[in-house]
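Chemist: Sharing a structure below in structure tokens format, with a few things to ask.
Nothing in this text is a laboratory measurement; each read-out follows from the coordinates by a stated rule. Worth saying up front: this structure is predicted, and the values here are computed from it rather than measured. Don't worry about glycine lacking a Cβ; one is built from the backbone with ideal geometry, like all the others, and counts go over all protein chains shown.
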Amino acid sequence: MGLIYKTMANHLPNNKPTKEWTSNEVIGFLESKINVYNFSQADIDKIWEKNINGRSLLRWSVEILTRIFGLEYESADSIMDLVEDQKLSDSLQSIHVSTPERKKIVPQGKELHELCKMGILRVGDELHFFKKYITYMGIVINHKFKVIEVNKNTWTPTIKENDQGTEIHTQVNSLEVLERKIMVQDLKQEIKNHLSRDRENFIKGLQEFNKKKDTGRYNSLNNALKTQGDLDAIFQVQQVDLHSERNFSIYINYTIPNTDRNIVIDIKISDYIDKYFISKKG
């Protein structure tokens, strides 16, 4: 009866950090993993007798489990595999901070500032940019930036990029400003390449698209090509609203301690904004 009472009295933690678990929640957690890891109810009973909470669990080692709790080495080693996995789970949850009771109103252009301030975008993380520019004949731009510093006073991130082998460090707060920089450097170059390879068919393709989708842009491009160079005319006329947050994602490559395994997280910034922010123009 005693064993049945202990099992029924314990319950699983309710999505809170391990360090906040009660003794009953620790035992409930261990009991839920018996069929996954190589330890037994008898091992859990020995731990239960010590009235261990979550903060203590995080300090366990194989030596503590064998010497203090009297577990066999095989059981202790298996429980430590579980503990390490739980530490990893806590680390990943800390990347995605809990949803505040009220969403924060954030002016457009300050999204990166707020993501850094909330601890979502951190030093060592990467910003990935991927976009297919439909109005430019489907040109695809794929770019990566690494966060190398975050100013703790302004929360402005400094990112690193490579431009033809040269490292460039840039402070940036606005995703739209960063995308426009990408467009000037990379998209313009791709347009130039297409014009060099087959100017006639490239412009023809643009105008077929414009005529089908936007008659106003069709006439604007015709007029611009008469008064400007091809590159500038196409770059200016074919632009549309950017919605940059849809094309940037935060990429995190997390190495599991004491293993050669990695966990990769790649989440669009628009998803973070939808969850945490109410954007307003300003």
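Chemist: Please list, in order along the range 227-239, the HN-Hα scalar couplings obtained from phi with the Karplus expression 6.51 cos²θ - 1.76 cosθ + 1.60 (θ = phi - 60°), rounded to whole Hz, x for Gly and Pro.
Modeler: Along the range 227-239, the couplings run 10, 10, x, 4, 4, 5, 4, 5, 4, 6, 6, 7, 5 Hz.
Chemist: Can you give me the long-range amide H partners of I139? Hydrogens built in the peptide plane at 1.01 Å from N, cutoff under 5 Å, separation of 5 or more residues or another chain.
Modeler: Y133
Chemist: Quick one: Cα convex hull volume of the range 107-280, Å³ per residue? Let's see the in-between values first.
Modeler: On the way: hull volume 28.0 nm³, N = 174.
It is 161 Å³ per residue.
Chemist: Taking 23 Å as the cut-off for C-alpha to C-alpha distance, list the pairs among K87/K144; K110/K268; K19/K146; K110/K275; K132/K226 that go past it.
Modeler: Details: K87/K144 29 Å; K110/K268 16 Å; K19/K146 31 Å; K110/K275 16 Å; K132/K226 27 Å.
Over 23 Å apart, Cα to Cα: K87/K144; K19/K146; K132/K226.
Chemist: How large is ³J(HN,Hα), in whole Hz, for each residue of the range 20-32 in order, when computed from phi with the Karplus curve 6.51 cos²θ - 1.76 cosθ + 1.60 and θ = phi - 60°, using x for Gly and Pro?
Modeler: Working through the residues one at a time gives 9, 5, 7, 4, 5, 5, 4, 5, x, 4, 4, 5, 6 Hz.
Chemist: If I model a spin label as a point 7 Å beyond the Cα along the Cα-Cβ vector, how far apart are those points for R246 and I64 in nm?
Modeler: 4.9 nm
Chemist: Pop out the ³J(HN,Hα) list for the range 60-72 in order, Karplus 6.51 cos²θ - 1.76 cosθ + 1.60 with θ = phi - 60°, rounded to Hz; leave Gly and Pro as x.
Modeler: Listing the rounded values in order: 5, 8, 4, 5, 4, 5, 7, 7, 8, 9, x, 7, 5 Hz.
Chemist: Also: Put a dot 7 Å past each Cα toward the Cβ at D85 and Q189; how far apart are the dots in nm?
Modeler: 4.5 nm
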